[in-house]
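Student: Below is one structure. I have some questions about it.
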Amino acid sequence: MPNILLAIESSCDDTSASIISDAKVLSNVVSTQEIHSKYGGVIPEVASRNHEANIVPTVIAALAIAKIKKEQLTAIAITRGPGLMGSLMVGLCYVKGLAQSLEIPIIEVNHMQAHIMAHFAEEPHPPFPFLCLTVSGGHTQIVKVDGPNKMELLGETIDDAAGEAFDKSGKLLGLGYPAGPLIDKLAKEGEAIYPFPIPKIPGLNFSFSGMKTAIRYFLRDQIAKDPDFIQKNLNDICCSIQTAIVHILIAKIKRAAREHNINHIAIAGGVSANSYLRSELLKNAEKHRWTAYIPKFEYCTDNAAMIGISGFYKLLENDFAKMDIAPSPRLKI
Ligand code: KG4
Ligand code: ZN
């Protein structure tokens, strides 16, 4: 009999539920909270309230699509952190109630490990050890993955995350939130003619806040000369920003591969949906003889299937959570 898991993700602004049969994804439902786009970023209190409204219908939809009854569940996997306290709390409280009523265990999952484990939702899986560049709205990390539950953080951002660099640059350009996908789209019609600075950060750490400041001053100076500068050159500005961010990411993953002598390279997290990052990774894979692993789009941004896959590998080790676990907004990998 396969293990049937319900997985729930509620760490930021997406409420997601998924049903996993062993490591096979039967359903993966994501309720996106559009409301934050008008504020230019996620409002934590609004996110928690929307999770409360969305969580039950999202779980019902995930069960219905998978044709699974809740009485068939073996366990429930839930994101414990990192993320927003209120958002995590809604998911965890709901799961505690459901697990108690069904008399089944809870499995706690680390959101950043789950982004990496999204690669195990489909064949071919990367072999261990592999390196993963995890790039999202809140994190930028290079992780050495020695096993499903054995991961080592090699480097991370010292200030803004890569997704934040996209989103904050987009805000300066008057684009909506999240700006990453829009910059990606506009950049396709532009050229990288504006050179934004690539910071010199030692080791495998990253920094993106200097770039944001450089863009701010660049736009201020250009707008002083021509008030319509942004409108006239939007595609080229987007392409220049995207090129700078992706070059920072690729330079560090190249260094990590060299220093650790590992040639299986994966990307994960919302920014791994970026078309230029994906094509640059493939280009470098050919040049440096790496095998590159790129997730399907639906497994890049936040989703519960990745929580279920990560939870399944914990279930194999009988790694269940106690009923009194609390959310952990700054949970480390
Ligand atoms: O992993 P994710 O869904 O949520 C967090 O855990 O943060 O990542 C969201 C981030 C946002 O910053 C968004 O702008 C970025 O991923 N993103 C992209 C693209 N799609 C999503 N950034 C660049 N290009 C994209 N195509
Ligand atoms: Zn995420």
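Student: Exceeding 21 Å between C-alpha atoms, which entries from my cross-link table qualify? They are Lys185/Lys254; Lys185/Lys232; Lys252/Lys287.
Tutor: Flagged as over cut-off: Lys185/Lys254.
Student: Taking Rh as the Kirkwood radius, which is the inverse of the mean 1/r over Cα pairs, what is the Rg/Rh value for the stretch 97-190?
Tutor: Looking at the stretch 97-190, the ratio lands at 1.10.
Student: Name the long-range amide H neighbours of Ile107: under 5 Å, sequence gap of 5 or more, or other chain; modelled H, no Pro or chain starts.
Tutor: Result for Ile107 returns Ile76, Ala77, Ile78, Ala321.
Student: Mind listing the long-range amide H neighbours of Gly40? Cut-off is under 5 Å, sequence gap 5 or more, other chains count too, H placed in the peptide plane at 1.01 Å from N.
Tutor: Under 5 Å from the amide H of Gly40: Tyr177.
Student: Less than 17 Å apart at the alpha-carbon level, and either on another chain or at least 8 residues along: which lysines does that give for Lys322?
Tutor: Lys96, Lys314
Student: Mind ranking 216-228, 50-62 by how tightly packed they are, going by the mean number of other C-beta atoms within 10 angstrom, highest first?
Tutor: For the peptides 216-228, 50-62, the packing ranking is 50-62, 216-228.
Student: Could you give me the ³J(HN,Hα) list for the stretch 290-303, computed from phi with Karplus coefficients 6.51, -1.76, 1.60 and θ = phi - 60°, whole Hz, x at Gly and Pro?
Tutor: 8, 9, 9, 10, 10, x, 4, 3, 5, 9, 7, 7, 4, 7
Student: Find the all-direction average of the projected area of the Cα convex hull for the chain, expressing the result in square nanometres with one decimal place.
Tutor: Computed as one quarter of the Cα hull surface, the answer is 16.7 nm².
Student: Along its three principal axes, how long is the stretch 127-295 when you only count alpha carbons? Whole Å, largest extent first please.
Tutor: For the stretch 127-295, the Cα extents along the three principal axes come out at 53, 28, 25 Å.
Student: How many nm separate the modelled label positions at Lys69 and Val46, each set 7 Å beyond the Cα in the direction of the Cβ?
Tutor: 4.1
Student: Using only Cα atoms, locate the centre of the stretch 2-53 and the centre of the stretch 262-284, then give the distance between them in Å, rounded to an integer.
Tutor: 24
Student: Another question, if that's okay. Gain in length, Arg220 to Arg289, computed as 0.36 nm per residue apart minus the alpha-carbon separation, to one decimal in nm?
Tutor: So the chain would gain 20.6 nm between Arg220 and Arg289.
No value in this document is a laboratory result; all are computed from the given coordinates. What you see is a predicted model; the values in this text were computed from it and never measured. All Cβ positions, even for glycine, are placed from backbone atoms using ideal geometry, and neighbour counts span all protein chains on display.
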